[in-house]
1. Gain in length, GLU12 to PHE27, computed as 0.36 nm per residue apart minus the alpha-carbon separation, to one decimal in nm?
2. Rank these by accessible area, largest first, 1.4 Å probe: SER21, SER10, SER42.
3. Take the eigenvalues of the Cα gyration tensor for the stretch 20-80, scale each by 5, and report the square roots as semi-axes in whole Å, largest first.
4. How big is D for the stretch 37-171, in µm² s⁻¹ as a whole number, if Stokes-Einstein is applied with the Kirkwood radius of its Cα pairs at 10 °C and 1.306 mPa s?
5. In the Gaussian network model of the chain, springs joining C-alpha atoms below 10 Å, which of GLY119, GLY110, GLY157 carries the largest mean-square fluctuation?
6. Run through the stretch 87-142 and list the chymotrypsin sites (Phe, Trp or Tyr not before Pro) located in a DSSP loop whose Cβ has at most 10 other Cβ atoms within 10 Å.
7. How would ILE138, ILE90 rank on accessible area, largest to smallest, probe 1.4 Å?
8. Which of the lysines could a cross-linker bridge to LYS50, judged by Cα under 25 Å and excluding same-chain residues fewer than eight apart?
Amino acid sequence: DDSLQFYKLSYEHTKYWPILSDGNLVFMANGELAYASSYGDSTVLPPFEKYYAGGARSVRGYEAASLGPRDELDDPLGGNARGVGNLELIFPAPFADNSDSVRLSLFLDGGTVYDTENGESVTAEELRYSTGLSMRWITPVGALNFTWANALNDKAGDETESFQFTLGAPF
């Protein structure tokens with residue numbers, strides 16, 4: 001039998017708390033935990049089913065899919081366990097008075113992926129953090145997200161990006 005046997009479990013939760021009654025200052029917390037593993041005759045998780053972290057949709061300030069284990073060529077391998085968290089303080093843009101389509105946020109992101117199937121331990125030392133400013137602009141073609149980020153604890157070999165742009169939802 002050539003079929004792949006694996007399972008994936010994930011939990012994500014996002015919560016918004018209005019700080020001001022008019023809704024112009026909002027605190028947001030987002031967290032995600034995910035785990036996958038092979039079973040039966042399969043001995044490894046297929047590469048296309050692995051988790052990745054880094055980039056505008058997880059840990060801003062790091063290149064997309066760049067966090068976690070790497071191969072001998074220093075390319076990201078992904079992993080079978082992922083933890084990501086995001087905190088944001090969302091507020092109106094001072095240059096777009098009375099606009100419901102433009103919002104700024106100050107953020108703190110953290111997370112990484114682990115490969116526990118190959119014996120890697122889940123440790124806090126591997127977590128990467130970033131902070132910065134994000135602008136979300138809702139347009140007729142979708143949400144445009146511009147991010148200026150600073151990696152707080154990058155290590156040798158980490159791929160960082162100060163500016164990131166996405167079209168679509170932030171997470």
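The values are calculated or read from the model by the stated rules, or taken from the named source; none is laboratory data. Nothing here was measured: the structure is a model prediction, and the numbers come from that model. Quick reminder, even Gly has a Cβ in these numbers, built from the backbone with ideal geometry, and neighbours come from all protein chains shown. Accessible surface areas use protein heavy atoms only, side chains included; no ligands, DNA or RNA. Shrake-Rupley method; radii C 1.70, N 1.55, O 1.52, S 1.80 Å.
1. 3.7 nm
2. Of SER21, SER10, SER42, the descending order of accessible area is SER21, SER10, SER42.
3. In descending order the semi-axes read 33, 17, 6 Å.
4. Reported coefficient: 99 µm²/s.
5. Comparing GLY119, GLY110, GLY157 in the GNM, the peak value goes to GLY119.
6. Listed in order of number, the matching sites are PHE95.
7. ILE138, ILE90
8. Within reach: LYS8, LYS155.
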